[in-house]
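Comments concern the structure below.
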Amino acid sequence: MTTDSPLVGIVGAGRLGGALAVGLSRAGYRIGAIGSTRISSASAVAEAIGGVAEATADVTRVAAVCDLVFFTVPDSAVESSCDTVRWTPRHMVVHCSGALTLDALNSAASVAAVGCLHPLQTFPSRLPEPDRFHGIFCGVEGTTGLGETLERMAAALGASVVRLEGSNRALYHAAAVMMSNNAVALAAAASRLWALAGLPPDLGRPALSPLLQAAAANIGKLELVDALTGPIARGDLATVTAHLRALQGEPELLALYRLLAGELLRLSLPHSEGTAKLLREVLGS
């Protein structure tokens, strides 16, 4: 980056804030300040980028020092945190929420450029993990040219970009939750079935998780119809019927099985019309 690139500040020194600070610093961006209500957290992130950034518990100090300010705080705190600052035309103000629109930054929007940079990624570690930006997509939106600035930042982090202007942000975020968080829900349901089958409950997660990992790898590389394996993909009516029969005593899991199998039948599977019809009938889809 050149010395005329914006001086970056980050408000929120948690998992995403730390990863973003370290990632941008490694990419050559200048980090001017790290803000957090826990000064120890801000100091730890500042230390992780070589101690070149000021650590502060004051949001207004981050804005005073920096040109481009990222809010990596919880969604519920974005608007109130933004409202504490008197923004000026030199500022660029960005939140990192998938669910919030730019309306959360309204108190800045009248004078400053506002935007969103939302990584489609999880950051589970309390230690900064900037490499988790590599190969992912980031949702980006911005006013008055800020979107293009954020595109360049995402590229510097190793990510691709999808522009969010005009999209339904709640549905966009729901898609991310469905893929990420609900995979954990599926793992929980599968682990329940494992235990109901009379197998050691403590072996359910380690025994089944390689299947999830392989499926995720296939989804990343292949079209969904090609990534699918198992009885629905094969049109194996007998096995699907046996599953439904075995699940009769577990109505919630039965309903979940039917619902997910019905979603699979929406794919362009290479079944004969007769097989497809029988599967829809037995699943009630």
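The values are calculated or read from the model by the stated rules, or taken from the named source; none is laboratory data. None of the values given here were measured: they were computed from a predicted structure. Virtual Cβ from ideal backbone geometry, glycine too; neighbours counted across all protein chains shown. Ligands, DNA and RNA are excluded from the accessible area calculation, which covers all protein heavy atoms including side chains. Shrake-Rupley method; radii C 1.70, N 1.55, O 1.52, S 1.80 Å.
A few remarks follow.
- Under the condition of being open to solvent by 40 Å² or more (accessible area, probe 1.4 Å) and within 18 Å of the chain's Cα centre (by Cα), the residues counted in region 67-89 number 3.
- Of everything in region 52-66 that is farther than 14 Å from P6 by Cα, out of contact with any Lys or Arg (no Cβ under 8 Å at 6 or more places or on another chain) and assigned to a helix (DSSP H, G or I), the residue that is most open to solvent (accessible area, probe 1.4 Å) is R61.
- Top-ranked residue in region 85-120 [being of a type in the set (S, T, N, Q) and in contact with an Asp or Glu (Cβ under 9 Å, 6 or more places away or on another chain); ranked as farthest from R169 (Cα to Cα)]: S107
- Taken over region 63-115, the criterion of being more than 30 Å from M178 (Cα to Cα), free of Cβ contacts under 8 Å to residues at least 24 places away in the same chain and polar (S, T, N, Q) is satisfied by S110 alone.
- Taking first residues from region 234-249 that are within 11 Å of V282 (Cβ to Cβ) and partners that are charged (D, E, K, R) and open to solvent by 70 Å² or more (accessible area, probe 1.4 Å), the Cβ contacts under 9 Å between residues at least 6 apart in sequence or on separate chains come to L244/R258.
- Among the residues making up region 31-48, a single one is surrounded by fewer than 18 Cβ atoms within 10 Å (Cβ to Cβ) and either touching a residue at least 40 places away in the same chain (Cβ under 8 Å) or farther than 22 Å from A77 by Cα (or both): E47.
- Scan of region 155-192 for residues that are in contact (Cβ under 8 Å) with a residue 12 or more places away in the chain, assigned to a helix (DSSP H, G or I), closer than 27 Å to D103 by Cβ and within 14 Å of the chain's Cα centre (by Cα), ordered by number: R169, A170, Y172, H173, A176
- Residue check for L267: surrounded by 13 or more Cβ atoms within 10 Å (Cβ to Cβ), of a type in the set (A, V, I, L, M) and not in a helix (DSSP H, G or I): yes
- Residue within region 51-66 that is modelled with pLDDT of 95 or more and under 24 Å from the mean Cα position of the chain (by Cα) present: no
- Tally of residues being basic (K, R) and open to solvent by less than 30 Å² (accessible area, probe 1.4 Å) across region 134-193: 1
- Test: residue in region 100-107 that is at pLDDT 95 or above, within 19 Å of L164 (Cβ to Cβ), among the aliphatic types (A, V, I, L, M) and open to solvent by 20 Å² or more (accessible area, probe 1.4 Å): yes
- Candidate set from region 228-251 (those that are part of a helix (DSSP H, G or I) and more than 21 Å from L212 (Cα to Cα)); member that is most open to solvent (accessible area, probe 1.4 Å): R245
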